[in-house]
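Report on the following structure.
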Amino acid sequence: MLEYLGFNVEGFINWSLVLNHLVLIIIALVLSLPLAYNREANSDGAGLRTYSLVAVATCSYTLLALEVLSDDMGKFMAGLVTGIGFIGGGAIMKAKDENEMNGLADAASIWNMGAMGIAVAWQRFEIALIITVINYFIFKAGHQVKKVVKSNSKDKD
């Protein structure tokens, strides 16, 4: 259709780059799914949609920055990390009990999903995989450890 209007589509779209970016974004999505599923099943806050969207968005923004920025990657990454912190802040809620907070682990984990998305965009898959595995392990094992700690603290009272 654009050829009819006098536009050379091939001149505007680098299809091999599109495919490369699509693969990287899908990798970020796939790496986010185990943790996203875990949070969806075990949390009232952020879950499948939030974790997946954070991973895909950070990967996408970083891919875009890699294509268009030359000198300001540090400033870009700082802004991205700050924005992810803002999203994570939305996961933190104060409970009815003034001394209790909920969602801190979700907020930290959302931040980790952002780091994973950035790592995938930089094609540092070893870092992305390590972040994902550690994050998942913390939620799987951490839930059990938290129960033990709470029961031990109640026993002392």
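Each reported figure results from applying straightforward, stated rules to the coordinates on display, with no laboratory input. This structure is a prediction, so every number in the text was calculated from the model and none was measured. Positions of Cβ are generated from backbone atoms using ideal geometry, with glycine treated the same way; all protein chains shown enter the neighbour counts.
So if we plug the beta-carbon distance of residue 15 and residue 137 into 1/(1 + (r/R0)^6) with R0 = 35 Å, what FRET efficiency do we get, rounded to 0.05? Computed FRET efficiency for residue 15 and residue 137: 0.35. Across 130, 13, 138, mean-square fluctuation computed from a Gaussian network of the chain (C-alpha pairs under 10 Å connected) peaks at 13. Pairs of lysines 8 or more apart, or on different chains, with alpha carbons under 23 Å: count those in the chain, would you? The result is 13. Fewest-first ordering of 122, 15 by other beta carbons within 10 Å of each residue's beta carbon gives 15, 122. Considering only 143, 112, 77, the residue lying farthest towards the positive end of the dipole of segment 32-157 is 143, judged by Cα position with unit charges set on Cβ. In degrees between 0 and 90, to the nearest 10, how far off the longest principal axis of the chain does helix 48-68 point, with axes built from Cα atoms? Orientation of helix 48-68: about 40 degrees from the principal axis. Helix 125-156 and the long axis of the chain differ in direction by around 10°, with both axes built from C-alpha atoms. Helix content alone sets the calculated 222 nm mean residue ellipticity of the chain: runs of n ≥ 4 DSSP H residues at -39500 (n - 2.57) each, divided across all residues, give -27000 deg cm²/dmol. Take 28-39, 143-154, 61-72 and order them by the average number of nearby Cβ atoms within 10 Å per residue, most first; the result is 28-39, 61-72, 143-154. Across the chain, Cα pairs under 8 Å and at least six residues apart give a relative contact order of 24 percent.
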